[in-house]
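Remarks on the structure that follows.
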Amino acid sequence: MAPGESQDIEVVTTAIHAQPDNKTRRYDRQLRLWAATGQHALETSRILVLSSSATSTSIMKNLVLPGIGHFTLLDPTITTARDAGNNFFLAGPDSIGKHRAQEAVPLLGELNDGVEGTADVRSVHDVLESDPAYFKSFSLVISHNLDSPTVEKLSRLLWTDPLSPPLIVVRSAGFLADFYIQFHEHDIIESHTETAPSLRIDKPFPSLLGHALSLELANMDITDHGHIPYVVILVRVLEDWKRSHNGLPPQNYAEKQAFKAALRDLKRKPDEENFDEAEAQAYRAWTTTGVPSDVAQLFTLPAASGNSTPNSTFHTLLHALQKFTELDDPPHVLPLSSTLPDMKADTSSYVHLQTLYKTRADEERAIFFDLLDKNADIDEGVVETFVKNAHAIRVLRGRRWGEFDADKEAIASAVVGYPRESASHFALSALSNLTSGSTAPPTADALLAEVQRIVGPGIELPEKELTDAIGELARAPTSDLPNVAAFLGGLVAQEAIKIITKQYVPINGYCVVDLVDTWTGVVGTPA
Amino acid sequence: MATAEVLTNGNSTLCDWHDRYYHVDQILDRPGPRTDPSFMAGDGVKEFLRNQCKILVIGAGGLGCEILANLALSGFKDIHVIDMDTIDISNLNRQFLFRPKDVGQPKAIVAAEYIMKRVPGVKVSPYYGKIQDKDDAYYMQFNLVICGLDSVEARRWINATLVNLVDPENPESLKPLIDGGTEGFKGQARVILPTVSSCYECSLDMLNKPTAFPICTIANTPRLPEHCIEWASVLEWPRVQGDKKMDTDDPEHINWLYTVASARAKEFKIEGVTWSLTQGVVKNIIPAIASTNAIIAASCCNEAFKIATSSAAYLNNYFMLIGTDGVYSYTFEHEKRDDCPVCGGESLDISVPRTWTVERLIEMLVEKQDIQIKKPSLSTASSQIYFQAPPQLEEATRPNLEKQVFDLVPDGGEITVTASTLPFSLFLRITYS
Ligand SMILES: [Zn+2]
């Protein structure tokens with residue numbers, strides 16, 4: 001046995017002992033989604049929840065389980081018989097008469113001993129008055145059924161300073177609910193979208209082109225011929241085509257058909273599946289690789305409101321990306337991705353092609369690195385992730401909570417485009433405006449009048465949708481239904497995870513939920 | 001095995017306290033604008049929900065834990081739960097009724113005990129075993145069935161069982177089936193009224209096709225780490241380990257596969273074989289998180305509550321949610337298939353070339369996405385074509401595999417297909433092209 005081989009076996013046997021530890025095993029099913037980076041972001045997050053209602057504890061349950069770092073329930077409420085009946089994170093009748101937050105924290109905490117939980121029995125109004133900086137010590141603030149004036153005050157406080165945490169405002173009654181995420185800007189590197197990066201078949205890098213041109217297609221061993229990866233076939237045939245067509249790829253339908261025929265003509269046996277694949281993927285030969293428009297428009301984004309931005313790393317990377325796309329070589333493209341899809345090929349030709357892509361991707365990442373602002377100290381792993389996902393980066397710009405309700409133009413267009421979502425949203429706004437502690441719940445007529453006051457004269461809300469929404473709210477104005485709480489608990493937790501991990505894409509607008517007809521929708525997305 | 005008696009915690013009505021159902025009663029005391037006029041608001045509906053309605057939950061895992069808690073808080077008091085699994089450490093990131101000390105215990109029993117401890121007056125009767133252990137009489141006792149399973153086979157079984165249970169003379173025999181499923185940030189919930197609306201079998205073609213790697217790729221031209229792992233589990237395990245059964249829950253077995261796959265990957269210069277990927281491929285692990293399970297379970301329970309109380313219209317009949325890019329959902333009516341082998345009543349038309357052998361036909365049936373059958377046995381009304389078991393019958397019918405279908409079944413003739421994984425027979429009408 002050669003020395004190298006015995007060493008290989010040693011490496012392999014050492015790897016055996018790298019069996020996952022208990023924590024990795026516990027989180028296995030979620031690590032397959034957001035990986036160690038997402039998990040780390042969760043574990044260092046601090047979440048503040050205003051209230052410990054059934055909906056609030058449902059949201060928290062779905063954040064404690066995946067392992068956030070810390071949560072605080074800020075709630076002065078004393079548990080009532082009503083709370084004991086609909087909240088799974090209270091000890092039934094035993095909790096009645098005790099502080100709701102203090103009763104809920106241990107029952108949430110027992111879901112995961114890696115999470116720290118605190119009950120704070122001060123009222124949010126008092127804290128807003130006495131200690132506004134308190135809110136900024138968290139990474140995310142979530143409220144449920146907080147009265148409109150307080151939400152207004154809190155949202156303004158957090159909006160004034162762009163370094164403040166995002167705020168999720170959740171409102172529900174009976175079968176209806178909506179929620180909104182207030183953030184200035186949310187940048188996503190790992191968006192997990194399904195769009196694949198370009199393979200640059202139309203703009204092959206030198207080593208790929210050289211490899212494709214070096215193949216002796218006609219004299220090749222017949223087995224090898226049936227195993228040339230389609231990428232190589234396309235690069236080669238396109239190059240040959242361009243030589244006889246003034247350097248241009250196929251321009252019109254007839255030429256595209258002729259190109260496909262040229263691919264078929266190269267087949268030496270009818271069952272060469274790699275050539276079938278090349279034909280199916282032929283569109284790549286005439287699809288110009290450039291900077292995707294979604295990415296290009298990020299280069300011209302106006303500066304975010306406020307002077308400082310919490311996402312300076314992202315913007316430094318984005319700036320370097322823009323400079324990269326301005327280069328002539330690589331030719332006005334995004335950095336090459338090293339991920340190659342699977343394709344018909346034998347092992348050696350596939351691995352060879354993979355190596356070509358990987359080597360070139362490394363070279364382009366080095367070019368990108370040189371373009372980075374040298375003063376910005378950015379972790380190499382972050383740069384690598386950014387470059388790998390450059391084709392799918394996203395930037396969301398948000399609005400302050402409540403601005404939509406005061407924007408007549410936006411309302412007018414929402415009412416037409418999203419009638420049922422608008423109706424439910426404004427009905428919930430009306431309920432929230434008319435609900436304050438001790439007064440009796442508003443009637444349907446009062447809700448209707450308040451909706452009309454919010455949207456203002458001249459805007460017609462759809463009658464049936466509005467009657468349906470108002471009728472449901474008047475039926476159950478103070479009801480936090482267990483199933484609706486659980487539904488919102490899941491939905492809001494999903495969004496919180498996206499905000500914290502900066503992976504996947506959160507909503508931008510009001511997410512409206514109707515569990516009579518079982519639908520969700522989004523309205524009020526900033527233009 | 002624990003019985004319902006052992007776990008019952010007293011008379012249910014004794015545990016109710018004033019205002020216990022304050023939130024739910026706002027819905028039950030008056031109709032909403034979209035509520036059907038047949039809704040009888042008030043005491044009658046509460047009495048039915050809390051003292052008469054009997055509901056079955058299938059699965060006490062990711063969805064099941066959530067479903068049990070939601071039902072208990074909604075006012076269902078006679079809940080039964082079936083699950084054949086025990087608790088694994090990887091369940092703890094979402095199955096919130098379980099703690100580290102419960103690892104190894106039966107899910108159904110631990111879940112039932114926890115719910116009864118937290119929600120007084122609710123009776124949860126667990127059964128630690130398979131749904132197939134129970135007969136028609138057992139399923140007949142329930143008003144509703146909610147299914148939170150990750151197994152296609154078990155869902156097909158309960159779906160077919162509930163369809164077969166329907167007796168047009170007896171309205172009580174129609175048991176609404178509410179089914180939920182999740183994968184990562186995505187999920188779906190649906191309401192099936194057996195024989196009336198589209199059933200689980202009607203929509204089999206909506207399932208994602210499982211990734212299958214051709215054997216020749218695995219054996220000769222591996223390119224991906226997955227190819228090396230499949231080589232270790234499909235080809236090397238039986239070759240080296242002989243008749244020893246692979247247990248994908250045994251870490252020693254995963255270790256062995258990982259070692260063998262790593263060595264092969266090294267030989268072929270393929271990168272990316274890891275312990276976690278090995279486990280993921282051989283166990284076909286689907287990512288699962290608490291939040292998505294919460295959404296889908298809540299949706300299932302909300303439909304159960306609406307059906308049990310008529311307080312609002314129930315879902316007609318499919319709700320699909322995708323949370324990866326914003327919150328996108330789609331609510332639609334999935335159409336019943338006339339040629340559904342379970343609820344359609346019509347046989348499935350299959351056109352095959354005259355030259356096809358029985359073996360080729362079987363191959364086609366196995367590949368067909370809307371049938372999904374593993375080892376089909378074939379017969380006509382008058383003769384046996386091919387039987388997978390018992391061995392004597394398999395041997396006796398094996399020569400037919402090479403015969404042309406045309407020689408055994410006339411044009412327009414019917415073939416009955418059965419399989420051990422299918423709780424029903426499939427009828428094919430064969431025509432020749
Ligand atoms: Zn069907």
**Prompt:** Restricting attention to the stretch B:328-337, does a residue exist that is out of contact with any Gly (no Cβ under 7 Å at 6 or more places or on another chain), within 12 Å of chain A (Cβ to nearest Cβ) and crowded, with 23+ Cβ neighbours inside 10 Å?
**Reply:** no
**Message:** Of everything in the stretch B:146-163, what is crowded, with 17+ Cβ neighbours inside 10 Å, within 16 Å of the ligand (Cβ to nearest atom) and in contact (Cβ under 8 Å) with a residue 60 or more places away in the chain? Give them in sequence order.
**Reply:** B:CYS147, B:ARG156, B:TRP157, B:ILE158, B:ASN159, B:ALA160, B:THR161, B:VAL163
**Complete:** Flagged in the stretch B:115-141 as surrounded by 18 or more Cβ atoms within 10 Å (Cβ to Cβ), closer than 21 Å to B:LEU193 by Cα and of a type in the set (Phe, Trp, Tyr), in numbering order, are B:TYR139
**Asked** Could you say which residue among A:LEU473, A:LEU515 is under 19 Å from B:PHE319 (Cα atoms), within 13 Å of chain B (Cβ to nearest Cβ) and not hydroxyl-bearing (Ser, Thr, Tyr)?
**Response** A:LEU515
**Asked** Within the stretch A:229-248, is there a residue that is in a loop (DSSP other than H, G, I, E, B), in contact (Cβ under 8 Å) with a residue 12 or more places away in the chain, touching a helix residue (DSSP H, G or I) at 6+ places or on another chain (Cβ under 6 Å) and within 14 Å of chain B (Cβ to nearest Cβ)?
**Response** yes
**Request:** Scan the stretch A:53-83 residue by residue and report those that are β-branched (Val, Ile, Thr) and more than 12 Å from every other protein chain (Cβ to nearest Cβ).
**Result:** A:THR72, A:THR77, A:ILE78
**Asked** How do the helices (runs of 4 or more DSSP H) wholly within the stretch A:253-333 filter down when requiring 3 or more residues that are within 30 Å of A:THR160 (Cβ to Cβ) and under 24 Å from the mean Cα position of the chain (by Cα): which remain?
**Response** A:312-325
**Prompt:** Of all residues in the stretch B:75-88, how many are among the hydrophobic types (A, V, I, L, M, F, W, C) and in contact with a Pro (Cβ under 7 Å, 6 or more places away or on another chain)?
**Reply:** 1
**Message:** Looking at the stretch A:62-111 only, could you name the residues that are within 18 Å of A:ALA485 (Cα to Cα), of a type in the set (Gly, Ala, Ser) and assigned to a loop (DSSP other than H, G, I, E, B)?
**Reply:** A:ALA91
**Fill in**
B:ASN317 meets each of (1) within 16 Å of the ligand (Cβ to nearest atom); (2) away from chain A (no Cβ under 14 Å) with one exception, condition (2)
**Message:** Suppose we keep only residues that are surrounded by fewer than 15 Cβ atoms within 10 Å (Cβ to Cβ) and in a loop (DSSP other than H, G, I, E, B) within the stretch B:212-237. Which one would you say is nearest to the other protein chains (Cβ to nearest Cβ)?
**Reply:** B:PRO214
**Request:** Residues that are of a type in the set (A, V, I, L, M, F, W, C) and over 30 Å from A:ALA430 (Cβ atoms): find the helices (runs of 4 or more DSSP H) completely inside the stretch A:112-220 holding 2 or more of those.
**Result:** A:206-214
**Message:** Just to be sure before I move on: is A:SER58 of a type in the set (S, T, N, Q) and closer than 23 Å to A:SER148 by Cα in the structure I sent?
**Reply:** yes
**Fill in**
Considering the stretch B:361-377, residues that are without any contact (Cβ under 8 Å) to a residue 40 or more places away in the chain and surrounded by fewer than 20 Cβ atoms within 10 Å (Cβ to Cβ), and then whichever is nearest to the ligand (Cβ to nearest atom), we arrive at B:LYS368
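Yes or no, residue by residue, for (1) within 12 Å of chain B (Cβ to nearest Cβ); (2) closer than 29 Å to A:PRO66 by Cα; (3) assigned to a loop (DSSP other than H, G, I, E, B):
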site	(1), (2), (3)
A:ARG453	no, no, no
A:GLU460	no, no, yes
A:ALA469	yes, no, no
A:ALA485	yes, yes, no
A:ILE497	yes, yes, no
A:ASN508	yes, yes, yes
**Fill in**
Of the residues in the stretch B:320-332, those that are without any contact (Cβ under 8 Å) to a residue 24 or more places away in the chain and either of a type in the set (Val, Ile, Thr) or within 16 Å of the ligand (Cβ to nearest atom) (or both) come to B:VAL327, B:THR331
**Item:** Filter result for the condition that a residue is free of Cβ contacts under 8 Å to residues at least 60 places away in the same chain, more than 14 Å from every other protein chain (Cβ to nearest Cβ) and in a loop (DSSP other than H, G, I, E, B), over B:PRO37, B:PRO33
**Value:** B:PRO37
**Request:** Tell me, yes or no, whether the stretch A:73-87 has at least one residue that is at positive phi and touching a residue at least 40 places away in the same chain (Cβ under 8 Å).
**Result:** no
**Within the stretch B:168-211, tally of residues that are away from the ligand (no atom under 16 Å from the Cβ), outside any helix (DSSP H, G or I) and in contact with a helix residue (DSSP H, G or I) (Cβ under 9 Å, 6 or more places away or on another chain)** = 11
**Fill in**
If we keep only residues of the stretch B:342-353 that are in a loop (DSSP other than H, G, I, E, B) and closer than 21 Å to B:TYR432 by Cα, then the residue farthest from the ligand (Cβ to nearest atom) is B:PRO353
**Fill in**
Just one listed residue, out of B:SER299, B:SER311, is within 13 Å of B:LEU71 (Cα to Cα), surrounded by 24 or more Cβ atoms within 10 Å (Cβ to Cβ), in contact (Cβ under 8 Å) with a residue 24 or more places away in the chain and of a type in the set (S, T, N, Q), and it is B:SER299
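Read-outs: derived from the displayed coordinates by stated rules, not from any lab. Quick caveat, the model's predicted, so the values are computed rather than measured. Every residue, glycine among them, receives a Cβ derived from its backbone with ideal geometry; neighbour counts consider all protein chains shown.
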